[in-house]
């Protein structure tokens, strides 16, 4: 079965790819999902130019910067995204799918520790996974939105490089912005 | 750090190794935060301070943060002429509400006052509100107000050498090429509208006014112009617009009434005329914006007595006469006032009071409704808004953060 001359149709083929994480775990992923990771897509397309893909053997794509648990979550999220090749749904089907996705997203976020968000964002950035990056960036923004300055510093591992009087000045300037903030 | 895969394979421990997110990711996250958080997070460290106060970030944040499904509006009671005439006290309270339902979220006060005691909301741009004294002869003070960061600024005085200004008109828009906000002011020193007004432009980045040329040749037969005061100055495609009505003298005793749209390119600071679509019997009255396109509201007589026809036209392709497209025709009662379009295209109108007999008593009933012009569907606003409203789109915007003469409250 040769894919070199035709455009692969992800919906009909069950082409899978194997991704190898930093802790040496192997993940078999459907091509349609893996292609959402643009870094993987690029690697795959580069490989296609050589003879490897033409032979139809499964290539193992190494992802030395991504841990297995993180990849698992990203793949799971990628699977839930509307597939680019999907047949256009009517309005009702679209609405149902949207609701399902929302529910899945809420469930996903509930089970995540805030620190894991940083790992997910880092990995999504490395993989160039746009939808994942957008989703987790928003999740992180939502998480820190009402947090104190001290919390944010600790969370991101940022050192305070202000003199006390400088910081005091900035705090006074917008005192109202410091009201109603979550307790640390 | 070792991983206990057997116990909970999907959870990982937050590793304390180097996990600095690249700058562009941090900026993307910051762009999704409301201004209150951003003002606070300036204190996190000096780098974050420079991110948050950077003008490019401010314009990115404006687009990114305010781009969600639900929008917000600020509304307040509009100053009416009779109010000022009878020295009625005027509320300084503004209400923040949901765009689609006008359900109230919170209230706050206008943080500055005018000499006459009556404010006039002239318009807004990117969430910054523009106010003048309702009685323009009382004071020349004009204010820019950003309610999302609680800052306002009184603009410096005019650069024109004017002895007696009898009337002014304004426009307020955003120059996206230079990331600058600009105010246009027309001033007339005579009661008649001839000669043409003097024009000056204020730029926030330079914090100063400068004179500009109108550059339009008024038509020779025109005996009077008036700037239509009903609508504000729609800001569309980088241009500000005003509706001008001209009365031209034809041959003999004929007088011809012609509407014209004056447009101002905020970036190049040049004026132009735009064509008005022709529709027999209906008079162009109100210029506004509908879903970021220029819109024109025309009125004419309806089939029934005491009914009006109102047609709404939209310029689909900016500047192209042929692209004026009639969106809909609304039959409305003669006692209906238009307030304006929300950002998402719902039209707010107010049906003025009619005497209604309830329980053998006469009552005045007002109602404000939101109309969807595409679906021609009307929805009454639940909270009793018994008065004329000024409405502006609310946006979270860090503009006016710094600068001369900016006051915090």
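The values are calculated or read from the model by the stated rules, or taken from the named source; none is laboratory data. Keep in mind that this is a model prediction, so the values were computed, not measured. We place every Cβ from the backbone using ideal geometry, glycine too, and count neighbours over all the protein chains shown.
Numbers at a glance
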{"item": "Enumeration of residues in the range B:17-31 that are more than 18 Å from residue A:134 (Cβ to Cβ) and at the interface with another protein chain (Cβ under 8 Å from one of its Cβ atoms)", "result": "B:19, B:20"}
{"item": "Residue within the range B:46-60 that is free of Cβ contacts under 8 Å to residues at least 12 places away in the same chain and either part of a loop (DSSP other than H, G, I, E, B) or touching a strand residue (DSSP E or B) at 6+ places or on another chain (Cβ under 6 Å) (or both) present", "result": "yes"}
{"item": "Of all residues making up the range A:148-178, the number that are under 33 Å from the mean Cα position of the chain (by Cα), in a loop (DSSP other than H, G, I, E, B) and over 25 Å from residue A:70 (Cα atoms)", "result": "4"}
{"item": "Residue B:287 within 24 Å of residue B:369 (Cβ to Cβ) and part of a strand (DSSP E or B)", "result": "yes"}
{"item": "Single match in A:128, A:119, A:142, A:161 (criterion: more than 11 Å from chain B (Cβ to nearest Cβ), modelled with pLDDT of 90 or more and either touching a helix residue (DSSP H, G or I) at 6+ places or on another chain (Cβ under 6 Å) or surrounded by fewer than 19 Cβ atoms within 10 Å (Cβ to Cβ) (or both))", "result": "A:128"}
{"item": "Residue within the range B:139-146 that is closer than 22 Å to residue B:176 by Cβ and within 14 Å of another protein chain (Cβ to nearest Cβ) present", "result": "yes"}
{"item": "Residues of the range B:32-47 that turn out to be more than 7 Å from chain A (Cβ to nearest Cβ) and buried (at least 20 other Cβ atoms within 10 Å of the Cβ), as a count", "result": "2"}
{"item": "Residues of the range B:4-41 that turn out to be at pLDDT 95 or above and under 13 Å from residue A:158 (Cα atoms), as a count", "result": "2"}
{"item": "Hits in the range B:220-266 (condition: at pLDDT below 70 and more than 28 Å from residue B:391 (Cβ to Cβ))", "result": "B:220, B:221, B:222, B:223, B:224, B:250, B:251, B:252, B:253"}
{"item": "In the range A:1-42, the residues that are in a loop (DSSP other than H, G, I, E, B) and at pLDDT 65 or above", "result": "A:14, A:15, A:21, A:22, A:23, A:24, A:25, A:35, A:36, A:37"}
{"item": "Residue under evaluation residue A:184, criteria (1) facing another protein chain (nearest Cβ under 10 Å); (2) touching a helix residue (DSSP H, G or I) at 6+ places or on another chain (Cβ under 9 Å); (3) more than 21 Å from residue A:38 (Cβ to Cβ); (4) modelled with pLDDT under 95, criterion not met", "result": "(1)"}
{"item": "Subset tally (residues that are surrounded by fewer than 16 Cβ atoms within 10 Å (Cβ to Cβ) and within 8 Å of chain B (Cβ to nearest Cβ)) for the range A:146-157", "result": "2"}
{"item": "Single unsatisfied condition, residue B:89 versus (1) under 27 Å from residue B:155 (Cβ atoms); (2) exposed (fewer than 15 other Cβ atoms within 10 Å of the Cβ); (3) touching a strand residue (DSSP E or B) at 6+ places or on another chain (Cβ under 9 Å)", "result": "(3)"}
{"item": "Residue among B:130, B:152 that alone is touching a residue at least 60 places away in the same chain (Cβ under 8 Å) and closer than 27 Å to residue B:187 by Cβ", "result": "B:152"}
{"item": "Strands (runs of 3 or more DSSP E) wholly inside the range B:316-409 that include at least 3 residues being modelled with pLDDT of 80 or more and closer than 30 Å to residue B:271 by Cα", "result": "B:324-333, B:389-394"}
